[in-house]
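Engineer: Sharing a structure, written as structure tokens. Questions coming.
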Amino acid sequence: MTALQNDSTPIRLAVIIGSVRTGRFGPTVARWFTGTLGGNPDVETDLIDLADVNLSPALDGNPDDPHAPTGALRARLAAADAFVVVTPEYNHSYPAGLKTAIDSFSVEWQAKPVGFVSYGGISGGLRAVEHLRPVFVELHAAPVRDGVSFANFWSAFDEDGRVADDRPAGAAKVLTDQLVWWGRALREARARHPYGS
């Protein structure tokens, strides 16, 4: 980026569906979250479903192949100003496919804010989020404080993927506001002085 963007320019927010399992609930949670962004002039959303990405080049040790699906994912992550990771909790942590996707990239995450929307049983996926935070810190990303968590998610959503309780939407707004603030601040900082240079 050669010129500073106007502070009112929307941030590019990549919303990543972290589970690739058959029968997963992640797309429902992601659709709900992106629905809370409807009409927000501060955000442009890119919904990334890891189930649509062939992560085998990364597993084979060649995530840099520009013709591989991971090459297309690399471009989308690089274009993002901020991220939201939608994750379930599997065995007190986050999904293996999500770990592979995260570890397949490096500079794409750097100096960008990351937020979390989690779901699970009684813990609401918070143990997965607590494991993700230090991973993103190690990648020089900037996890934000607040997030959205759905405990006993199967009872939180109706058949159409709607949430009757107003509190999660309020939490989503707080998360989005933090991502917009940090996304703009870090985008300007990267433009003034590229990270790591």
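The values are calculated or read from the model by the stated rules, or taken from the named source; none is laboratory data. The structure displayed is predicted, hence computed values, not measured ones. A quick note on method: Cβ atoms are made from the backbone with ideal geometry, for glycine too, and the neighbour counts reach across all protein chains shown.
Engineer: Which residue, of ARG184, ARG162, is in contact with a strand residue (DSSP E or B) (Cβ under 9 Å, 6 or more places away or on another chain) and either charged (D, E, K, R) or modelled with pLDDT under 95 (or both)?
Structural biologist: Checking each option against the conditions leaves just ARG184.
Engineer: With the condition kept exactly as written, say whether any residue in region 67-89 is surrounded by 17 or more Cβ atoms within 10 Å (Cβ to Cβ) and modelled with pLDDT under 90.
Structural biologist: yes
Engineer: With respect to VAL174, determine if the residue is in contact with a strand residue (DSSP E or B) (Cβ under 7 Å, 6 or more places away or on another chain) and either at pLDDT 95 or above or part of a loop (DSSP other than H, G, I, E, B) (or both). Show your work before the answer.
Structural biologist: Numbers: in contact with a strand residue (DSSP E or B) (Cβ under 7 Å, 6 or more places away or on another chain): no; either at pLDDT 95 or above or part of a loop (DSSP other than H, G, I, E, B) (or both): yes.
For VAL174, the condition - in contact with a strand residue (DSSP E or B) (Cβ under 7 Å, 6 or more places away or on another chain) and either at pLDDT 95 or above or part of a loop (DSSP other than H, G, I, E, B) (or both) - is not met.
Engineer: Just one of (1) of a type outside the set (D, E, K, R); (2) buried (at least 20 other Cβ atoms within 10 Å of the Cβ); (3) not in a helix (DSSP H, G or I) trips up GLY161, so point out which.
Structural biologist: (2) is the only condition that GLY161 fails.
Engineer: May I ask you to list pairs of residues, at least six apart or on different chains, whose Cβ atoms are under 8 Å apart, with the first in region 21-48 being more than 25 Å from TRP182 (Cα to Cα) and of a type in the set (S, T, N, Q) and the second being at pLDDT 95 or above and crowded, with 18+ Cβ neighbours inside 10 Å?
Structural biologist: THR28/PHE157
Engineer: Look through SER123, SER104, SER93 and report the one residue that is farther than 29 Å from GLU188 by Cα and either surrounded by 23 or more Cβ atoms within 10 Å (Cβ to Cβ) or touching a helix residue (DSSP H, G or I) at 6+ places or on another chain (Cβ under 8 Å) (or both).
Structural biologist: Every option except SER93 fails the conditions.
Engineer: So if I check each of VAL84, VAL107, VAL114, VAL137, which one is in a helix (DSSP H, G or I) and among the β-branched types (Val, Ile, Thr)?
Structural biologist: VAL137
Engineer: Hey, another quick one. Looking only at residues that are of a type in the set (Phe, Trp, Tyr) and either touching a Leu at 6+ places or on another chain (Cβ under 6 Å) or surrounded by fewer than 19 Cβ atoms within 10 Å (Cβ to Cβ) (or both) in region 164-197, which one is nearest to ASN40 (Cα to Cα)? Walk me through it before giving the result.
Structural biologist: Here is the first cut: in region 164-197, the residues of a type in the set (Phe, Trp, Tyr) are 181-182, 195.
Next cut, either touching a Leu at 6+ places or on another chain (Cβ under 6 Å) or surrounded by fewer than 19 Cβ atoms within 10 Å (Cβ to Cβ) (or both) only: 181, 195.
Working: TRP181: 14, TYR195: 28 Å.
Filtering region 164-197 for residues that are of a type in the set (Phe, Trp, Tyr) and either touching a Leu at 6+ places or on another chain (Cβ under 6 Å) or surrounded by fewer than 19 Cβ atoms within 10 Å (Cβ to Cβ) (or both), the one nearest to ASN40 (Cα to Cα) comes out as TRP181.
Engineer: Still on this structure: Looking at (1) under 18 Å from ARG24 (Cβ atoms); (2) under 16 Å from the mean Cα position of the chain (by Cα), which one does SER155 not meet, given that it meets all the others?
Structural biologist: (2)
Engineer: Right, here's the next one. Hey, among the residues in region 124-157 that are charged (D, E, K, R) and in contact with a strand residue (DSSP E or B) (Cβ under 8 Å, 6 or more places away or on another chain), which one's farthest from LEU77 (Cα to Cα)?
Structural biologist: Only one residue tops the list, namely ARG127.
Engineer: Within region 140-158, track down each residue that is outside any helix (DSSP H, G or I) and without any contact (Cβ under 8 Å) to a residue 60 or more places away in the chain. So that I can check it myself, show each step before the final result.
Structural biologist: Kept after step one, since they are outside any helix (DSSP H, G or I), are these residues of region 140-158: 140-152, 157-158.
Within region 140-158, HIS140, ALA141, ALA142, PRO143, VAL144, ARG145, ASP146, GLY147, SER149, ALA151, ASN152, ASP158 meet the criteria.
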